[in-house]
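Read the structure below first, then the notes.
Only the coordinates and a few stated rules stand behind these numbers; no lab work does. Since the model is a prediction, treat every value here as computed from it, not as a measurement. Glycine gets a Cβ as well: all are built from the backbone with ideal geometry, and neighbour counts include every protein chain shown.
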Amino acid sequence: MAPPPAPTSRSYRGFAVGLLLVLHSVSAVGLVTWNFLDPRLEPIQLWQVVLDPNAAPLPPGAMWLFQASVWLSLATGLGLVTAVFWGPLACRSIKYSAALIVCCAVWLSVQHHWQQVSWWGHRQRIQPAVSFLEQIAADLTQDWPNGDGQHPRFGPFMAYPIGRPSTLILLKPAATSEHRMWLAAIDRDPRDGTLRFELSDGFQTLWLEHPNSLEPLPGSFTNGIGAQYDVETWIKVNPAWRLSRYR
């Protein structure tokens, strides 16, 4: 019986290309998934992480891991590109070149939609808060307070302006879910009755809005203590709620 043929340099190069492809795919999927799950990654751009290790507000250990994932994606991507020159014959085919072009297009799309992916994550995390606030919205729609008071679901509050309040400021933030979303204030738009719930997760402030109709898109508003808010971005949570960020 003849012995099996010894591995050739071509087979080693094919294995190396396959390994690069697996590592690149895993790191890419990991980065997108991390962005979806972690609200702290929304403000950054991936190229910033390459240049600045402090670009994201992450703990040192998590930041090191995230930056290592970015560098792994970059290094393996460059390896797949240069495999056209050193890889097996299949790497010089039209099919392989088309795959590289698709890969580049996917990364450009990831970079372009980085914040959008993060907002999909916000929408997923906000669902328990919606369940908590639905009854509060129904109560306040029927009976908006005329002054300072206390609500059985979110505790004591101060109402501004005095006489015709449009903003309720909670004296103690109320937990809306097990995901550490805290309710700090409630605003009612005097123009159309839209209710806005100011929520914080410790990293950023978002507004969960319950409009009478989703036809009027979120815009600027002034709350009961005279603070001006201009909409920055928003996403629909369900037919009755939307999530917004104001500046």
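If Thr141 passes every condition in (1) closer than 30 Å to Gly163 by Cα; (2) surrounded by 14 or more Cβ atoms within 10 Å (Cβ to Cβ) but one, which one does it miss?
It fails just one condition, (2).
Can you tell me which residue within the stretch 50-73, out of those that are in contact with a helix residue (DSSP H, G or I) (Cβ under 7 Å, 6 or more places away or on another chain) and among the aliphatic types (A, V, I, L, M), is farthest from Leu108 (Cα to Cα)?
Applying the filter and picking the extreme gives Leu58.
Find the residue count for the stretch 135-160, including only residues that are farther than 17 Å from Ser244 by Cα and touching a residue at least 12 places away in the same chain (Cβ under 8 Å). Spell out how you get there, then give the answer.
First, pick out the residues of the stretch 135-160 that are farther than 17 Å from Ser244 by Cα: 135-136, 138-160.
With the extra rule that they be touching a residue at least 12 places away in the same chain (Cβ under 8 Å), the set shrinks to 135-136, 139-141, 144-147, 151, 153-160.
Summing the residues that are farther than 17 Å from Ser244 by Cα and touching a residue at least 12 places away in the same chain (Cβ under 8 Å) in the stretch 135-160 gives 18.
Looking at Pro165, Pro211, Pro218, Pro239 in this structure, which one is surrounded by 14 or more Cβ atoms within 10 Å (Cβ to Cβ), under 28 Å from Leu37 (Cβ atoms) and out of contact with any helix residue (DSSP H, G or I) (no Cβ under 6 Å at 6 or more places or on another chain)? Steps first, answer last, please.
Numbers: Pro165 fails: under 28 Å from Leu37 (Cβ atoms); Pro211 fails: under 28 Å from Leu37 (Cβ atoms); Pro239 fails: surrounded by 14 or more Cβ atoms within 10 Å (Cβ to Cβ).
Result: Pro218 is the single residue among Pro165, Pro211, Pro218, Pro239 that is surrounded by 14 or more Cβ atoms within 10 Å (Cβ to Cβ), under 28 Å from Leu37 (Cβ atoms) and out of contact with any helix residue (DSSP H, G or I) (no Cβ under 6 Å at 6 or more places or on another chain).
Having 2 or more residues that are β-branched (Val, Ile, Thr) and farther than 23 Å from Gly193 by Cβ is the bar; report the helices (runs of 4 or more DSSP H) wholly within the stretch 75-168 that clear it.
Per the criteria, 94-112.
So, in the stretch 32-74, exactly how many residues are in a helix (DSSP H, G or I) and free of Cβ contacts under 8 Å to residues at least 60 places away in the same chain?
So the answer is 21.
Might you check whether a residue that is farther than 30 Å from Lys236 by Cβ and in contact with a Lys or Arg (Cβ under 6 Å, 6 or more places away or on another chain) occurs anywhere in the stretch 88-96?
Yes, the stretch 88-96 contains a residue that is farther than 30 Å from Lys236 by Cβ and in contact with a Lys or Arg (Cβ under 6 Å, 6 or more places away or on another chain).
Yes/no per residue for (1) surrounded by fewer than 17 Cβ atoms within 10 Å (Cβ to Cβ); (2) under 20 Å from the mean Cα position of the chain (by Cα):
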site	(1), (2)
Leu19	yes, no
Ser27	no, yes
Glu42	no, yes
Pro60	yes, no
Met63	no, yes
Ala68	yes, no
Trp71	yes, no
Ala83	no, no
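Just need a number here: residues in the stretch 181-208 that are more than 19 Å from the chain's Cα centre (by Cα), acidic (Asp, Glu) and surrounded by 15 or more Cβ atoms within 10 Å (Cβ to Cβ).
2
Going residue by residue through the stretch 98-105, is there one that turns out to be surrounded by fewer than 13 Cβ atoms within 10 Å (Cβ to Cβ), in contact with a helix residue (DSSP H, G or I) (Cβ under 8 Å, 6 or more places away or on another chain) and not aliphatic (A, V, I, L, M)?
no
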